[in-house]
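To start, the structure itself, in structure tokens.
The values are calculated or read from the model by the stated rules, or taken from the named source; none is laboratory data. Please read these numbers as outputs of a predicted model, since none were measured by experiment. When we count neighbours, we look across all protein chains shown, and the Cβ atoms used for this are built from the backbone with ideal geometry, even at glycine. All accessible areas refer to the heavy atoms of the entire protein, side chains included, with ligands and DNA or RNA removed. Shrake-Rupley method; radii C 1.70, N 1.55, O 1.52, S 1.80 Å.
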Amino acid sequence: MNGEQSANGARTLPDDAVVVVPVSNVIFPGVVFPIVLDRPSAVAAAQQALREQHPLVLVLQQDVQAPDPGPQSLHRMGTLANVLRYVTGPDGAPHVACQGVERFEIDEWVEGFPFLVARGRRIPEPEAEGAAIEARFLHLRSQALEALQLLPQSPPGELVAAVEGASSPAALADLVAAYLDLQPPEKQQILETIDLEARLDKVSAFLAQRLEVLRLTSEIAQRTRQSLGERQRETLLREQMAAIQRELGEGEREELVELEAAIENAGMPEEVVQQARKELRRLARTPEAAAEYGMVRTYLEWLVELPWGVPEAAPIDLAEARRILDEDHFGLEKIKQRIIEHLAVRRLAPEGKAPILCFVGPPGVGKTSLGQSIARAMHRPFVRVSLGGVHDESEIRGHRRTYVGALPGNIIQAIRKAGRRDCVMMLDEIDKMSAGIHGDPSAALLEVLDPEQNVAFRDNYLAVPFDLSRVVFIATANMLDTIPGPLRDRMEVIQLSGYTAGEKRQIAERYLVRRQLEANGLTAEQVQIEPAALETLIARYTREAGVRSLEREIGRLLRHVAVRFAEGHTEPVRIGPTNLEPILGPPRVENEVAMRTSVPGVATGLAWTPVGGEILFIEATRTPGDGRLILTGQLGEVMRESAQTALSLVKSRAEALGVTPSLFKESDIHIHVPAGATPKDGPSAGVAMTMALISLLTDRTVRSDTAMTGEISLRGLVLPVGGIKEKVVAAATAGVRRVLLPARNRADERDIPEETRQTLELIWLERIEDAIEAGLDPRRGDVRQTQVRAAS
Ligand SMILES: Nc1ncnc2c1ncn2[C@@H]1O[C@H](COP(=O)(O)OP(=O)(O)OP(=O)(O)O)[C@@H](O)[C@H]1O
């Protein structure tokens with residue numbers, strides 16, 4: 001097979017080929033290792049391999065310095081590896097954590113990819129039997145354990161366990177080779193040694209040399225400890241380090257000197273300074289080629305680059321804050337007021353325990369941008385931490401350093417990015433976090449947010465306390481119910497609901513258009529979007545509670561115009577409603593309601609979702625059968641019960657409705673709620689289901705200008721439901737003109753925006769009869785059409 005073209009234009013990888021990534025050090029089977037992807041081709045290779053779940057083969061470059069090595073400058077023996085994770089390193093460069101699986105020999109190269117692709121063979125491990133191998137295995141293991149014991153810094157527990165529990169001689173040889181500080185060509189030699197006896201001997205010989213140095217240094221250290229005081233010991237240790245370095249043939253390490261200065265100047269608490277100095281000494285003792293060297297250096301860099309000190313902050317100017325909030329946001333009066341109150345509390349008690357703000361609402365209603373304005377008003381940097389999909393405690397708290405490829409958790413990463421520990425940190429999608437097999441992230445987050453504990457937050461990677469008490473945390477969520485209770489209790493919830501069409505137009509006119517003009521290098525003199533065009537955009541090209549898609553569509557319009565100016569056009573451009581279609585294509589939101597309800601058996605319901613209100617169609621149909629009720633469309637338990645109730649209600653009213661009772665016995669009734677795979681639940685579609693059934697059985701259509709919501713009881717009472725405001729706004733957006741609502745929801749009428757109220761007729765229902773009266777079309781439907789539906 002030669003690889004096909006995939007959707008994004010890139011060729012897919014042939015099944016029998018592997019992606020080859022050149023590396024500057026040898027990765028052994030059985031070892032997990034982070035690889036820096038420092039070339040675009042390597043990034044592309046890793047991404048495609050990850051996407052298509054293809055393993056990678058990591059192959060050592062012959063010339064480690066070569067910038068972009070081709071097939072000729074690679075060894076032929078490499079290691080087949082699985083990509084475990086794709087991570088961004090502390091320096092911002094992408095890394096992949098790879099696990100070596102097996103040796104792999106390349107036979108031929110496959111052309112036509114922007115990175116290296118080859119065919120070849122996996123090399124299985126030879127049988128490990130016989131006394132000769134057993135003896136070598138035991139010898140190597142005792143050597144390795146001794147070396148680990150003699151290391152100046154106690155070795156990671158996992159490594160000791162891995163050596164003790166090595167599953168085979170081959171695995172032990174590879175493990176030791178991976179951790180030995182050898183030059184890459186020496187490691188490659190070991191990789192290419194398939195024969196087990198020979199491989200064990202080679203590794204043993206290298207380890208023996210290293211052991212000698214270790215024994216020597218440990219002996220010196222012991223003697224010194226006995227005879228010298230603290231201070232002298234330090235000096236001596238330094239000399240020893242230099243001696244060891246010379247012995248290993250390495251020059252002065254400027255890097256260490258720089259790190260030492262950085263430690264002194266980072267403003268760290270004493271405990272952390274001590275820890276950093278200890279690690280620096282360890283670094284000095286580690287040869288640069290050893291894997292451990294990079295790990296310790298990265299750790300030290302993390303320590304010195306964190307913002308330990310807090311700069312003097314100016315007190316919050318409330319008038320200025322108000323001005324900034326108004327400048328960035330239209331409307332949202334109550335919300336701005338609450339933010340100002342919150343800031344006032346902070347101003348009075350800058351170090352006090354202010355509650356954590358939590359913005360709850362659908363996407364695109366300005367949660368993030370309010371957070372940015374708060375940061376601006378407080379003159380602090382703003383950072384975001386995305387919690388959506390986090391289900392592992394270590395994502396919050398980091399991995400211990402003994403874990404290969406370990407990094408701090410996302411809170412500490414965000415602090416470093418902000419560069420100040422009194423930053424405004426937005427914890428995004430706090431409702432989308434869940435507990436997984438590796439612990440509950442919300443427990444870790446509680447600790448982050450708890451003023452009693454966050455003065456000394458312990459990240460597993462840093463392993464020293466970091467003070468988070470000055471961070472201004474703001475959380476965001478789409479819905480409240482899925483936020484764990486203890487977390488919710490810590491927060492002051494501020495609800496943002498969607499915007500009406502009129503509000504959207506104002507936001508577009510005052511903010512979005514201006515912002516998109518700037519983003520596309522245009523001026524208001526060059527282009528004007530007429531209000532009517534904005535209205536059409538809102539009504540027919542977007543269907544959302546917020547303004548995110550609206551901003552995107554405006555951006556598309558302006559980009560189109562920008563191209564014309566770039567091509568030499570000079571006259572000012574006006575965009576009217578009729579110009580939209582040629583640029584953006586046909587409208588996406590059509591008047592669905594009229595079309596769908598043109599046959600009996602369909603009623604328009606209203607649903608509440610975390611992203612705003614939605615209209616939904618309830619379809620009922622009848623087929624010859626024996627009285628069964630079939631429900632489809634991913635309905636939840638409560639909604640299914642509601643359908644049963646609707647059917648029983650209609651049966652009990654059969655006579656009054658003019659439906660022959662035997663009809664129920666001779667047919668199956670099927671209720672379907674389309675709209676794809678989204679699960680739907682709740683009792684609030686009761687009225688709409690009943691109406692769909694009545695419409696079907698009496699052969700009268702439901703009025704196409706009418707939508708409805710309400711729970712029903714078996715006796716035909718219409719009971720109140722939630723989300724009235726969102727549902728009514730959604731009905732208006734969909735072009736509906738009449739909405740049937742439970743009379744017991746009358747109190748919610750005042751929440752409905754005035755502008756929406758104006759365009760709609762609201763009809764309040766006490767009983768299902770009121771709905772029949774107001775919702776059914778007086779005319780009978782087209783009988784032939786009904787029969788076709790019934791038979792289909
Ligand atoms: N009231 C408003 N006035 C001006 N601009 C607004 C308003 N509401 C939203 N916007 C703009 O709409 C865009 C989307 O808002 P934002 O990214 O803050 O939404 P969000 O609620 O954080 O959404 P998500 O939950 O998807 O992150 C931003 O460009 C924002 O500035």
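For the range 689-709, indicate whether the set of residues that are open to solvent by 50 Å² or more (accessible area, probe 1.4 Å) and under 16 Å from Ala607 (Cα atoms) is non-empty. So far as the range 689-709 goes, no, none of its residues is open to solvent by 50 Å² or more (accessible area, probe 1.4 Å) and under 16 Å from Ala607 (Cα atoms).
Looking at the range 42-152, the strands (runs of 3 or more DSSP E) lying wholly inside it that each contain 1 or more residues that are of a type in the set (Asp, Glu) sit at 94-110. Among the residues making up the range 343-375, those that are touching a strand residue (DSSP E or B) at 6+ places or on another chain (Cβ under 8 Å) and either open to solvent by 40 Å² or more (accessible area, probe 1.4 Å) or assigned to a strand (DSSP E or B) (or both) are Pro355, Ile356, Leu357, Cys358, Phe359, Val360, Gln372.
Residues in the range 713-742 that are open to solvent by less than 10 Å² (accessible area, probe 1.4 Å), among the aliphatic types (A, V, I, L, M) and either over 35 Å from the mean Cα position of the chain (by Cα) or not assigned by the TED database to the domain that holds Leu760 (or both): Val718, Val736, Val739, Leu740, Leu741.
The set of residues in the range 64-82 that are touching a Ser or Thr at 6+ places or on another chain (Cβ under 9 Å) and of a type in the set (Ser, Thr, Tyr) is empty.
Taking Pro124 as the residue in question, decide whether it is loosely packed, with under 13 Cβ neighbours inside 10 Å and either among the β-branched types (Val, Ile, Thr) or modelled with pLDDT under 80 (or both). No: the conditions fail for Pro124. Checked against the criteria, Val160 counts as without any contact (Cβ under 8 Å) to a residue 40 or more places away in the chain, of a type in the set (A, V, I, L, M, F, W, C) and not assigned by the TED database to the domain that holds Ile27.
A search for C-beta distances below 8 Å between a residue of the range 498-509 that is polar (S, T, N, Q) and any residue that is more than 9 Å from the ligand (Cβ to nearest atom), counting only pairs 6+ apart in sequence or on different chains, returns Thr500/Val729; Thr500/Ala732; Thr500/Pro753; Thr500/Glu755; Thr500/Thr756. Taking the criterion of being under 28 Å from Arg346 (Cα atoms) and within 10 Å of the ligand (Cβ to nearest atom), the only residue of the range 483-509 that qualifies is Leu496. Which residues, counting only those in the range 528-585, are surrounded by 14 or more Cβ atoms within 10 Å (Cβ to Cβ) and free of Cβ contacts under 8 Å to residues at least 12 places away in the same chain? The answer is Arg552, Arg564. The one condition from (1) within 12 Å of the ligand (Cβ to nearest atom); (2) among the β-branched types (Val, Ile, Thr); (3) open to solvent by 10 Å² or more (accessible area, probe 1.4 Å) that Val455 does not meet is (1). So, in the range 426-447, of the ones that are crowded, with 20+ Cβ neighbours inside 10 Å and aliphatic (A, V, I, L, M), which residue ends up modelled with the lowest pLDDT? Of everything passing the filter in the range 426-447, Met433 is modelled with the lowest pLDDT. For the range 433-465, the set of residues classified as assigned to a loop (DSSP other than H, G, I, E, B) and in contact with an Asp or Glu (Cβ under 7 Å, 6 or more places away or on another chain) consists of His438, Asp440, Gln453, Val464, listed by residue number. Scanning the range 585-619 for residues that are in contact with a Leu (Cβ under 7 Å, 6 or more places away or on another chain) and either at pLDDT below 85 or not in a strand (DSSP E or B) (or both) yields a count of 4. Among the residues of the range 628-686, just one is in a helix (DSSP H, G or I), of a type in the set (Lys, Arg) and under 21 Å from Arg700 (Cβ atoms), namely Lys651.
The set of residues in the range 403-420 that are in a loop (DSSP other than H, G, I, E, B) and either open to solvent by 50 Å² or more (accessible area, probe 1.4 Å) or within 16 Å of the ligand (Cβ to nearest atom) (or both) comprises Tyr403, Arg420.
This table checks each residue for (1) farther than 18 Å from Phe473 by Cα; (2) within 10 Å of the ligand (Cβ to nearest atom).
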| site | (1), (2) |
| --- | --- |
| Ala321 | no, no |
| Asp328 | yes, yes |
| Leu332 | yes, yes |
| Leu343 | no, no |
| Pro355 | no, no |
| Gly361 | no, yes |
| Gly364 | yes, yes |
| Ile374 | no, no |
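Taking the criterion of being open to solvent by 60 Å² or more (accessible area, probe 1.4 Å) and within 11 Å of the ligand (Cβ to nearest atom), the residues of the range 515-527 that qualify are Arg515, Ala519. Pairing each residue of the range 362-387 that is of a type in the set (A, V, I, L, M) with any residue that is open to solvent by 40 Å² or more (accessible area, probe 1.4 Å), provided the two are 6+ apart or on different chains, yields C-beta distances under 6 Å for Ala375/Phe382; Val383/Lys417; Leu387/Glu429. Residues of the range 434-450 that are of a type in the set (Val, Ile, Thr) and farther than 20 Å from Val424 by Cβ: Ile437 alone. The criterion of being assigned to a helix (DSSP H, G or I), surrounded by fewer than 13 Cβ atoms within 10 Å (Cβ to Cβ) and within 16 Å of the ligand (Cβ to nearest atom) does not hold for Glu258.
Within the set Leu512, Leu468, Leu480, the sole residue that is assigned to a loop (DSSP other than H, G, I, E, B) and within 15 Å of the ligand (Cβ to nearest atom) turns out to be Leu480.
Within the range 176-184, the presence of a residue that is open to solvent by 40 Å² or more (accessible area, probe 1.4 Å) and of a type in the set (D, E, K, R) is excluded. Evaluation of Cys423 against the conditions (1) away from the ligand (no atom under 16 Å from the Cβ); (2) surrounded by fewer than 21 Cβ atoms within 10 Å (Cβ to Cβ); (3) modelled with pLDDT of 90 or more shows that the sole unmet condition is (2). Restricting attention to the range 737-759, the residues being of a type outside the set (A, V, I, L, M) and touching a strand residue (DSSP E or B) at 6+ places or on another chain (Cβ under 9 Å) number 8.
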